[in-house]
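Report on the following structure.
Values quoted throughout were computed directly from the atomic coordinates according to the rules given, and no laboratory measurement underlies them. Bear in mind that the values here come from a model prediction, so they are computed numbers and not experimental data. Reconstructed Cβ throughout: ideal geometry from the backbone, glycine too, with neighbour counts over all protein chains shown.
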Amino acid sequence: MEPTKINFYGSVQERAVAGGFVFRDSNDMVLLAAAKSFGNATIPTAEATTLRDSLAKAKDQGFLNIQIEGNSKVVIDAINERISTRTLEASQDHLRHQDDRKVF
């Protein structure tokens, strides 16, 4: 059985952060998609939460053979245990303070 591919993402527009995920089959047909607003959260927070939500949805829907793709190195490294949770939290705090200084 081919894996179900899950793409997760986060984005920001005018200081509003959102995240979402898409489930696709082996023919790239969309099986399921969802998006959520996170207000003024950081993008890593939105991406990590979106990944968690997509995994919960995969379990609920009975998708057992999955392949996960995302573009957040911080989140992927945390999942792969290359960085500690503390480092992830520090990164989020750093990004939060950077975001406060940016003008959108």
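Summary of computed values
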quantity: Fully extended contour minus Cα-Cα distance, from Ser37 to Ala56, at 0.36 nm per residue; calculated: 5.1 nm
quantity: Protection proxy ranking of 55-63, 26-34 - average other beta-carbon atoms within 10 Å, highest first; calculated: 55-63, 26-34
quantity: Three-way shape call for segment 1-82 based on the alpha-carbon gyration tensor, with the a/c threshold at 1.5; calculated: prolate
quantity: FRET E, pair Asp28, Glu81, Förster distance 30 Å, beta-carbon r, rounded to 0.05; calculated: 0.50
quantity: Sequence-distant residues sharing a close amide H with Ile66 (under 5 Å, placed H); calculated: Thr4
